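J.: Just passing along the structure, written as structure tokens.
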Amino acid sequence: MTDRDDGPSFSFVSEPEDTRERIMQATFETVQAHGFAGLSIGRIADRADLSKSSVYHFYDDKDDLLLAFLDAMLAQFGGPLADADFDDPETELWTLVDFGLYGTTGEQFPPVDGVGDVNGRPYVELRSQATHDDEYRDRFTDIDASMHERLATVIDRGIDDGVFRPVDPDRTAQFLLTVLLGGLFRRATSDGLDADAVRSELEAVVDDRLLPA
């Protein structure tokens, strides 16, 4: 298997600067347009205006390419939040919640012609492979653990600052992460999610369980 970088520094909305970036950009567009079932090295190569052999020069096979793409996508997905400077734990918590419920602003992931709103679709397309592929499952297990740690750290800091009640940060983070991932899946796979209603109920839970009386 080819070596992977820790994460690319390019943006999906900027012009690719080298062949790897062209391949990542083309993979993004191909997943949006055709889904995982319609994904192939040939289609990716065509969108990148490269030969298939050029793609295989960097990646052993489709799964090798897609795992690298997953790293790139998640770097884009989480980058703005990782770099943000929050004034207090409650503001940070709600920013994370809203990011999960409502998704990106489109600044990280541009629309693809003929596809429409694709918020969350690549993530769900790739995550479905974790049901039968251990390498994908291991990768998404690590991703979940990272997201859980971020939420738990915010809650723990809020407890230390006196902003939140002394709840169990891990259990609370587990609950929030499960709700947010459910919202992401529903947003990507159906038109029935009322994100405002979910947020309203979460506000009631936070008021009841987290905020001081």
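J.: Determine which member of the set Thr172, Thr95 is of a type in the set (S, T, N, Q), at pLDDT 90 or above and either farther than 23 Å from Asp71 by Cα or over 13 Å from the mean Cα position of the chain (by Cα) (or both). Explain how you work it out, then say what you get.
T.: Details: Thr95 fails: at pLDDT 90 or above.
When all the criteria are applied, what remains is Thr172.
J.: Residues that are closer than 23 Å to Leu67 by Cα, modelled with pLDDT under 85 and surrounded by 12 or more Cβ atoms within 10 Å (Cβ to Cβ): does the stretch 148-167 have at least one?
T.: No, because not a single residue in the stretch 148-167 is closer than 23 Å to Leu67 by Cα, modelled with pLDDT under 85 and surrounded by 12 or more Cβ atoms within 10 Å (Cβ to Cβ).
Residues checked against (1) over 14 Å from Leu96 (Cα atoms); (2) buried (at least 17 other Cβ atoms within 10 Å of the Cβ):
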site: Ala145; (1), (2): yes, no
site: Leu184; (1), (2): no, yes
site: Arg187; (1), (2): yes, yes
site: Glu201; (1), (2): yes, no
site: Val205; (1), (2): yes, no
site: Asp208; (1), (2): yes, no
site: Pro212; (1), (2): yes, no
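J.: Does Gly106 satisfy the condition of being surrounded by 13 or more Cβ atoms within 10 Å (Cβ to Cβ) and either at pLDDT 90 or above or at positive phi (or both)?
T.: no
J.: Pairs, please: C-beta under 8 Å, at least 6 apart or cross-chain, first residue touching a residue at least 12 places away in the same chain (Cβ under 8 Å) and in the stretch 145-164, second crowded, with 19+ Cβ neighbours inside 10 Å and of a type in the set (D, E, K, R)?
T.: These pairs meet every condition: Val154/Glu92.
J.: Please identify the pairs in which a residue from the stretch 90-110 that is of a type in the set (Asp, Glu) has its Cβ atom under 8 Å from the Cβ atom of a residue that is surrounded by fewer than 21 Cβ atoms within 10 Å (Cβ to Cβ) and modelled with pLDDT under 85, counting only partners at least 6 apart or on another chain.
T.: Close Cβ pairs (under 8 Å, with a partner that is surrounded by fewer than 21 Cβ atoms within 10 Å (Cβ to Cβ) and modelled with pLDDT under 85) amount to Glu92/Ala84; Glu92/Phe86; Glu107/Val13; Glu107/Pro80.
J.: To continue, here is another question. Output the number of the condition that Gln129 fails; it satisfies all remaining conditions of (1) closer than 17 Å to Glu92 by Cβ; (2) touching a residue at least 60 places away in the same chain (Cβ under 8 Å).
T.: So the condition that Gln129 fails would be (1).
J.: Checking Leu180 against (1) crowded, with 18+ Cβ neighbours inside 10 Å; (2) over 22 Å from Pro122 (Cα atoms); (3) not hydroxyl-bearing (Ser, Thr, Tyr), which single condition isn't satisfied?
T.: Single failed check for Leu180: (2).
The values are calculated or read from the model by the stated rules, or taken from the named source; none is laboratory data. Predicted, not measured: the structure shown is a model, and the values here were computed from it. Here Cβ is always computed from backbone atoms with ideal geometry, including for glycine, and neighbour counts include all displayed protein chains.
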